[in-house]
Amino acid sequence: ITNMRFPGGESAGYRWKLAKVDFNDRYDEAPLANIENVIKFCRMMDTKLVIQVNIESGTPREAAEWVYYMNKGAGNFRVDYWEIGNEAYGDWDRAHMSGDDYAKLVKEYLAAMKRVDPMIKIGASLGGERFQAFDEAMMEGVANDIDFVSYHWYPNHINNKKTYKGRAHPLPEEVRSEEHTSELQS
């Protein structure tokens with residue numbers, strides 16, 4: 001493992017200072033809810049972090065404070081890559097919004113976070129083929145500002161009604177080869 005994305009998509013409203021998730025108490029006692037444990041884990045595994053900041057209930061200031069803590073403060077664990085939210089293009093995400101609104105939000109977070117550490121890289125979520133309107137609006141708004149995109153593609157999102165080669169799941173070698181990308185997106 002060379003990189004770990006934290007806290008991840010199922011942790012909407014993650015509050016790093018409190019080690020809590022605003023909208024799901026199942027993480028309250030999880031060891032990796034505490035940022036200090038995450039840092040220890042990453043040091044043990046000799047891995048880097050990609051941190052996804054809270055846009056569901058957080059603020060640009062809170063994200064900037066996290067950048068400071070990790071890169072210049074007591075965290076003492078440099079994080080170069082920061083992702084603004086998770087899948088805001090999808091109606092399943094608590095922070096669901098239009099591409100225009102997401103672009104505005106990304107700019108607010110980016111400005112606050114880069115004031116603390118101009119060397120960090122900021123990324124935004126990209127929805128892909130099914131979310132072209134979102135992606136186009138978002139990219140029009142922030143393409144010249146962001147450093148990377150986080151494209152979430154799930155080859156396992158097939159089922160008995162939408163099969164791949166007659167099966168409900170692709171084989172691991174088929175996922176690795178990405179041979180079925182266009183078939184799954186049709």
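Quick note: the coordinates plus some simple rules give every number you see, no bench work behind them. Remember, it's a predicted structure, so these values are computed and weren't measured experimentally. Backbone-built Cβ (ideal geometry, glycine too); neighbour counts: all protein chains shown.
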Given Lys40/Lys104; Lys72/Lys121; Lys72/Lys104, the pairs whose alpha carbons are separated by over 24 Å
Lys40/Lys104; Lys72/Lys104
D_trans [Stokes-Einstein, Kirkwood Rh over alpha-carbon pairs] for region 35-99, 4 °C, 1.567 mPa s, µm² s⁻¹
100 µm²/s
Please list the non-local residues whose amide H lies under 5 Å from the amide H of Lys20, H modeled 1.01 Å from N, same-chain partners needing a gap of 5 or more.
Arg15
At a temperature of 10 °C and a viscosity of 1.306 mPa s, determine how fast the chain diffuses translationally according to Stokes-Einstein, using the Kirkwood radius over alpha-carbon pairs as Rh; express D in µm²/s, rounded to the nearest whole number.
90 µm²/s
Under a 5 Å amide H to amide H cut-off, with H placed in plane at 1.01 Å, what residues pair with Tyr164 once short-range neighbours are removed?
His169
Expected vector for region 49-56, Karplus 3J(HN,Hα) from phi with 6.51, -1.76, 1.60 and θ = phi - 60°, integer Hz, x for Gly and Pro, equals 9, 10, 9, 9, 8, 6, 10, 6
For the chain, with only Lys/Arg (+1) and Asp/Glu (-1) charged at the beta-carbon, what is the dipole magnitude about the Cα centre, in debye rounded to 20?
540 debye
Binned Cα-Cα distance frequencies in region 78-126 - 10 Å width, integer %:
27, 50, 22, 1
Could you pull out every one of the aspartates and glutamates with an alpha carbon less than 16 Å from that of Lys20, ignoring same-chain neighbours closer than 8 positions?
Glu10, Asp28, Glu29, Glu36, Glu56, Glu62
